[in-house]
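Every read-out reported here was derived from the displayed coordinates using simple, explicitly stated rules and does not represent laboratory data. Keep in mind that this is a model prediction, so the values were computed, not measured. All Cβ positions, glycine included, derive from the backbone under ideal geometry; neighbour counts span all protein chains shown.
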Amino acid sequence: MAITKKQSAELAKQVFEYAPAPEAVDHVKIQPRYGLFIGGRMVDAHSKKRFPTINPATEKTLSEVTDADEVDVDRAVKAASKAFDSWARLPASRRARYLYRISRLLQERSRELAVVETMDGGKPIKESRDVDIPLSAAHFFYYAGWADKLEWAFPNRKPKPLGVAGQVIPWNFPLLMLAWKIAPALAAGNTVVLKPAETTPLSAMVFAEICMQAELPPGVVNIVTGAGKTGSLVVTHPEVKKVAFTGSTEVGKLIQRAIAGTGKRLTLELGGKAANIVFEDAPLDQAVEGIVNGIYFNQGHVCCAGSRLLVQESIAEPLLEKLKRRLSTLRLGDPLDKNTDIGAINSRAQLEKIQGLVESGVEEGAELYQPECVLPERGFWFPPSLFTNVSQSYRIAREEIFGPVLSVLTFRTPAEAVEKANNTPYGLSAGVWTDKGSRILWMAERMRAGVVWANTFNRFDPTSPFGGYKESGFGREGGVHGLLPYVELN
Amino acid sequence: MDVRKTYKLFVNGEFVRSESGRAYRPDGGGVNVPRGSRKDLRDAVRAARNAFPGWAGRTAMNRGQILYRAAEMLDGRAAQFVELLGGGARGRRELDQSVETLVWYAGWTDKLPQVTGTVNPVAGPYFNFTIPEPTGVVGLIAPEEAPLLGLVRRVAPALCGGNVIVALAPESSPLAALTLAEVFATSDVPAGVVNIISGQRKELLPWLASHMDVNAIDVAGCTGDEVKAIEESAAGNVKRVIKFKQQEQSPYLIVAFMEMKTIWHPIGV
């Protein structure tokens, strides 16, 4: 049934609205309050202090969790210590089976986990559903396979586990960061005390249920909730032999200082200020998609976000035009809606930090662009933003904003691009867009960053090592390299 | 009457006196040794940083040949070093092991990426691989015992991967370390790649550990208290603190001086 020219012209005038498509939440049971996961079961805490965890899109309280104190952390570490001997001595193939079980359970409960993640953290459901949860399950599946193959990972050595690992994770990818921490630790025969972030503890509480469902031996995984103080108790506990932290560079430095001289092993995955570099021969439409994915994915709450766009001067104008047009099509709103591109900012504190840095950008003289965008009345929101006229000395070009804010700079020669890309104390990731293969490798060689995405951005995989150079931290997570922090080789 | 040697610091490929004009006599002996200062250290870090891209950019084979050349030069001065090491079978053994260590690591330069790099089978249409790259400027603290071998055991693996070095000579017996500088100076090691400073540890260590342009620091030659202080200062710029036992000789030690870089590219037509 062909349409006439007239009909077609009328259709073109119409504005198409998306119908709301919210993910159902009735299948998810969030408890009104949570204790701590210690010694294989949920226990009442010694600490009587609790704090609410809210849905940042509605500001409604989802649940109350425990603010674990010194006694609680000590109990958790003791439980992990007690479990260590038998866990480490378990035939490695059995350890593998537990990890496989966990991976399968994560897959089985993925819909529930995606909804919990989105409600607790504010990220779009399409991201928690398609990225966070599947990658978490994949991570356990990958490291399950390593558990009984460690001697092939470290030729000429007999790798041994270290003991209790104290792990502190951030709020941007709550379950995925949990998986990155717990899977390799357990595969290598360590036991774990993990502290999820203050604003996003709920998927870790579901994970505690999964550990019980998997009949993981008591004490192998322990989860204590709380704020920075609880995290500090975990990493400084004398029986913790290995510390793994993902979060800000500022806190990472505090931890490195706090455990100096203790002999604890340490890995840090810290902040970033990645350059995403677009050369004039790059396919512009693809580059625009990559730039958008690089900085607006997960509201820019990504340590490896491509927050500095370096465009070759000759194409700056057309690229920015395309980018601005693309920004105006991004859909901001209900994170549970399947069509949402940009969800809620994780917390009020983070929103204020973003607002402060954006104000500084305007004050310092950069030009702010934000598409027309209606922000919901309740909750924490920030529109996708980009700055032009940015000088390298501006705070928005130097500091990690951890929000949907892009700083655009230009360059003329590849050498200048390298110079600007590396002009930061960070070194977590970098991006390069060009049609020329030899230039990709030339750039990749020179950029001081742990992950280089060429003609793509923000890709993750359990087989692919991730981690930073310089002040973005040390140690790698993922791949065979991700086992190294959890074994003793002597 | 013999012509006595003036011992000097080795900075940026040159033999220099301490800018402070100070010297000390290790073990109350008759030889003056420069007592390096914070500024000497700063000059050394700067020289190392400048030398880094060039050294890291050499081909693996070229770095291997230069390390092997250093072994040749060291072996060629065997008699001198044995004497500096106190002579006898013990001195001879230390010299032999030092030569052997250089030869061993010379052979690793072009194998390390093959043994420690990976191709990662990601679940998607991407080619993904991981390669080791040097960390950058590395601080080394030579242990007081085994004044030659202790230093060689760290200089060799750090150079192997393409790092550049600022090393503190053993305070109580620095002569072998300062003479080792002459070996590197005649081995085609580019200026600034290896810098050796003598002086007092308790004066120099805090500056080395807190220097913002030093990327990693090896503490095999340090006491427990020193390690604690170094780790505290290292946090200032998230330095990698490398803690292997002194005798360690393995690709795992080379890797401790390296960063792993992972590169993704889509596969498509």
Kirkwood Rh over alpha-carbon pairs of the stretch A:1-60 plugged into Stokes-Einstein at 25 °C, 0.890 mPa s gives a D in µm²/s of 139 µm²/s
When the charge dipole of the stretch A:134-285 is computed with +1 on Lys and Arg Cβ and -1 on Asp and Glu Cβ about the Cα centre, the Cα farthest towards its positive end, among A:Phe140, A:Trp180, A:Thr236, belongs to A:Thr236
222 nm mean residue ellipticity, helices alone, for chain B (DSSP H n ≥ 4; -39,500 (n - 2.57); rounded to 500):
-13500 deg cm²/dmol
With +1 on the Cβ of every Lys and Arg and -1 on the Cβ of every Asp and Glu, and nothing else charged, how large is the dipole of the protein assembly as shown about its Cα centre, in debye rounded to the nearest 20?
1240 debye
Can you pull the percent of Cα pairs in chain A with separation above 33 Å?
39 percent
Length gained, B:Ala123-B:Asp2, 0.36 nm per residue minus C-alpha separation, equals 36.4 nm
Are there GluC sites (Glu not before Pro) in the stretch A:316-384 that DSSP puts in a loop and that have at most 13 other Cβ atoms within 10 Å, and which ones?
A:Glu372, A:Glu377
Radius of gyration, Dmax [the stretch A:275-454; alpha carbons; angstrom]:
15.7, 50
Efficiency of FRET from Cβ geometry, B:Thr59 and B:Glu145, R₀ 45 Å, rounded to 0.05:
0.80
Roughly speaking, what is the centre-to-centre gap between the stretch A:151-177 and the stretch A:374-404 when only Cα atoms are used, to the nearest Å?
34 Å
Spin-label model distance (nm) - A:Glu416 vs A:Ser360, 7 Å beyond Cα toward Cβ:
2.6 nm
Per-residue Cβ neighbour rank within 10 angstrom, fewest leading, A:Ile401, A:Ile315:
A:Ile315, A:Ile401
5 Å binning of all Cα-Cα separations within the stretch A:448-490, expressed as whole percents from 0 upward
6, 21, 25, 26, 14, 5, 2, 1, 0
Rank these for me by crowding, A:Cys373, B:Cys160, A:Cys211, B:Cys222, going from fewest to most other beta carbons within 10 Å.
A:Cys373, B:Cys222, A:Cys211, B:Cys160
Between B:Ala47, B:Thr59, B:Gly28, whose Cα lies farthest towards the positive end of the dipole of the stretch B:4-96 when Lys and Arg beta carbons carry +1 and Asp and Glu beta carbons carry -1, centred on the Cα centre?
B:Ala47
How far, in nm, would the chain grow between A:Glu317 and A:Gln286 when pulled straight, counting 0.36 nm per residue and subtracting the alpha carbon separation?
9.5 nm
Out-of-range pairs (alpha-carbon distance over 25 Å; input A:Lys48/A:Lys264; A:Lys229/B:Lys202; A:Lys149/B:Lys228; A:Lys264/B:Lys245; A:Lys241/B:Lys245):
A:Lys48/A:Lys264; A:Lys229/B:Lys202; A:Lys149/B:Lys228
Return the average number of partner chain Cβ atoms within 10 angstrom of each residue Cβ along peptide B:230-240.
6
Kirkwood-based Rg over Rh for chain B (C-alpha set), two decimals?
1.00
Kyte-Doolittle cut-off -0.5, length cut-off 20 Å along the helix's own axis using Cα: show which whole DSSP H helices in chain B pass.
B:60-76
What angle, in degrees between 0 and 90 and rounded to the nearest 10, separates the Cα long axis of helix A:110-121 from the longest principal axis of the Cα atoms of chain A?
70 degrees
How high is the FRET efficiency between B:Ala23 and B:Glu100 when r is their beta carbon distance and R₀ equals 25 Å, given to the nearest 0.05?
0.15
Take the Cα of A:Lys158, step 7 Å along the line toward its Cβ, and report every residue of the stretch A:165-191 whose backbone nitrogen sits under 19 Å from that point.
A:188-190
Based on alpha-carbon centroids, what's the gap between the stretch A:437-490 and the stretch A:1-58 in Å, whole number please?
32 Å
Volume of the Cα convex hull of the stretch A:59-197, divided per residue and given in Å³
112 Å³
In this model, which of A:Lys49/A:Lys78; A:Lys160/A:Lys253; A:Lys181/A:Lys470; A:Lys123/A:Lys470; B:Lys39/B:Lys111 are farther than 26 Å apart at the alpha-carbon?
A:Lys160/A:Lys253; A:Lys123/A:Lys470; B:Lys39/B:Lys111
Point-charge dipole on Cβ atoms (K/R +1, D/E -1) for the stretch A:275-454, about Cα centre, debye to 20:
360 debye
So how far apart, in nm, are the two label points at A:Ile3 and A:Gln392 if each is 7 Å from Cα heading toward Cβ?
5.2 nm
What is the calculated FRET efficiency for A:Lys48 to A:Glu239, with r their C-beta to C-beta distance and R₀ = 35 Å, to the nearest 0.05?
0.90
Which one, A:Ser385, A:Phe460, A:Val362, is farthest towards the positive end of the dipole of the protein assembly as shown when Lys and Arg carry +1 and Asp and Glu -1 on their Cβ?
A:Phe460
Among DSSP bridges having both ends in the protein assembly as shown, what percentage is antiparallel? Round to the nearest 5.
40 percent
In debye to the nearest 20, how big a dipole does chain B give about its Cα centre with +1 on each Lys and Arg Cβ and -1 on each Asp and Glu Cβ?
320 debye
For the stretch B:57-129, convex hull of alpha carbons as volume per residue, Å³:
98 Å³
Output the 0 to 90 degree angle, nearest 10, between the alpha-carbon long axis of helix A:249-258 and the longest principal axis computed from the alpha carbons of chain A.
20 degrees
In deg cm²/dmol, rounded to 500, what helix-only [θ] at 222 nm does chain A give when every DSSP H run of at least 4 residues adds -39500 (n - 2.57) and the total is split over its residues?
-11500 deg cm²/dmol
Just to confirm my numbers, what's the Cα centroid distance between the stretch B:21-72 and the stretch B:165-224 in Å?
6 Å
Shape parameters for the stretch B:59-101, alpha-carbon atoms, Rg then Dmax in Å
11.8, 39
